[in-house]
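FYI, it's all coordinate maths here, none of it is from the lab. Predicted model only: the values in this text are computed from it and were never measured. Every residue, glycine among them, receives a Cβ derived from its backbone with ideal geometry; neighbour counts consider all protein chains shown.
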Amino acid sequence: MSTNAYIKYITQQIVQYFNLSKRERKEKRLHRKEDKEPTVSHWFGIVPFALSMFIRKIKKRKQMS
């Protein structure tokens, strides 16, 4: 991609962003946040989830005793 094409693309993206209303920008931002997976699972996979389930199970057993 040439420099001119890249600058043109960036300019178009900025103009599109500023043409949206403030409410639309907020909604778009919220949708992006909702679609993201949690950082812990992104970086470490399913291991943290498995550990949290295991810990909950142990705590539940202790409460029942």
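About its Cα centre, what dipole magnitude does the chain give when the only charges are +1 on Lys and Arg Cβ and -1 on Asp and Glu Cβ, stated in debye to the nearest 20?
540
Between Arg61 and Lys33, with labels modelled 7 Å along Cα→Cβ, what's the label distance in nm to one decimal, could you check?
So the label points at Arg61 and Lys33 sit 3.9 nm apart.
Convert each backbone phi in segment 28-45 into a coupling constant with the Karplus relation 6.51 cos²θ - 1.76 cosθ + 1.60 (shift: θ = phi - 60°), then list the ³J(HN,Hα) values in order as whole Hz, x for Gly and Pro.
Listing the rounded values in order: 4, 4, 5, 5, 5, 5, 5, 6, 6, 7, x, 4, 4, 6, 5, 7, 10, x Hz.
Among Thr39, Val15, Leu51, whose Cα projects farthest towards the positive end of the dipole of the chain, with charges put on the beta-carbon of Lys, Arg (+1) and Asp, Glu (-1)?
With unit charges placed on the Cβ atoms, the residue in question is Leu51.
Using a ≥ b ≥ c from the Cα gyration tensor of the chain (square roots of the eigenvalues), is it rounded, prolate or oblate, where a/c under 1.5 gives rounded and otherwise the larger of a/b and b/c decides, a/b for prolate?
Oblate, since a/c reaches 1.5 and b/c is not below a/b.
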